[in-house]
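To start, the structure under review is shown below, and the notes come after it.
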Amino acid sequence: MAEPAPVREPGPLPERTLAGSAQVRCVDAGSCNGCEIEIGQAFGPVYDADRYGVRLVASPRHADVLAVTGPVTRNMAVALKRTHAAVPEPRLVVAVGDCAIGCGEFAGGYGVVGGVDDVVPVDIRVPGCPPAPEAIVAALRQVTGR
């Protein structure tokens, strides 16, 4: 049985929103995989992000939203830029976790370029190490407006 739908709290919406549904491509830019586990839970049967019109896709060409986790490493900076460019307009970027927002534990590392917004523009930030599935679902609900 799924968790009851949380009450939508009015908050700042991103400048651009998608009408009703969103296809999400997840990109691990160098994380410890904690955020990926929570994203998996957000789309699992308990939190069921699908009921809000959000779906995971395997190709950036089919996506509306990039959900990026981890600090951007030197090895992933170009790949992230290319993935971002492959997502058709209008596209949104969600930085998931403290590392994606400001490098977290990896700040100052020799192999780290910076946070996601140092490489591509970010529309929504989901703080936490790792963020709870409820927070991830709430951010994706901002995108769909549902």
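Just for segment 3-32: of the residues that are surrounded by 12 or more Cβ atoms within 10 Å (Cβ to Cβ), out of contact with any strand residue (DSSP E or B) (no Cβ under 8 Å at 6 or more places or on another chain) and modelled with pLDDT of 65 or more, which one is farthest from Glu89 (Cα to Cα)?
Glu3
Can you tell me which residues in segment 105-135 are surrounded by fewer than 21 Cβ atoms within 10 Å (Cβ to Cβ) and small (Gly, Ala, Ser)?
Scanning segment 105-135 gives Ala107, Gly108, Gly109, Gly111, Gly114, Gly128, Ala132, Ala135.
So, of the residues in segment 68-106 that are in a loop (DSSP other than H, G, I, E, B) and hydrophobic (A, V, I, L, M, F, W, C), which turns out to be farthest from Asp28 (Cα to Cα)?
Residues of segment 68-106 in a loop (DSSP other than H, G, I, E, B): 70-71, 74-76, 87-91, 97, 103.
Checking the rest, the ones that are also hydrophobic (A, V, I, L, M, F, W, C) come to 76, 87, 103.
Numbers: Met76: 9, Val87: 16, Cys103: 13 Å.
Among those that are in a loop (DSSP other than H, G, I, E, B) and hydrophobic (A, V, I, L, M, F, W, C), it is Val87.
Under 6 Å by Cβ, and 6 or more places apart or on different chains, what pairs join a residue from segment 112-124 that is closer than 20 Å to Glu89 by Cα with one that is part of a loop (DSSP other than H, G, I, E, B) and open to solvent by less than 70 Å² (accessible area, probe 1.4 Å)?
Here the result reads Val116/Val122; Asp123/Pro14; Ile124/Pro14, each pair linking segment 112-124 to a residue that is part of a loop (DSSP other than H, G, I, E, B) and open to solvent by less than 70 Å² (accessible area, probe 1.4 Å).
Condition test on Ala138, is it surrounded by fewer than 22 Cβ atoms within 10 Å (Cβ to Cβ) and either assigned to a helix (DSSP H, G or I) or out of contact with any Gly (no Cβ under 8 Å at 6 or more places or on another chain) (or both)?
Against the criterion (surrounded by fewer than 22 Cβ atoms within 10 Å (Cβ to Cβ) and either assigned to a helix (DSSP H, G or I) or out of contact with any Gly (no Cβ under 8 Å at 6 or more places or on another chain) (or both)), Ala138 qualifies.
The values are calculated or read from the model by the stated rules, or taken from the named source; none is laboratory data. Bear in mind the structure is a predicted one, so any value in this text is a computation, not a measurement. Quick reminder, even Gly has a Cβ in these numbers, built from the backbone with ideal geometry, and neighbours come from all protein chains shown. The accessibility values were calculated without ligands, DNA or RNA, using every heavy atom of the protein model including side chains. Shrake-Rupley method; radii C 1.70, N 1.55, O 1.52, S 1.80 Å.
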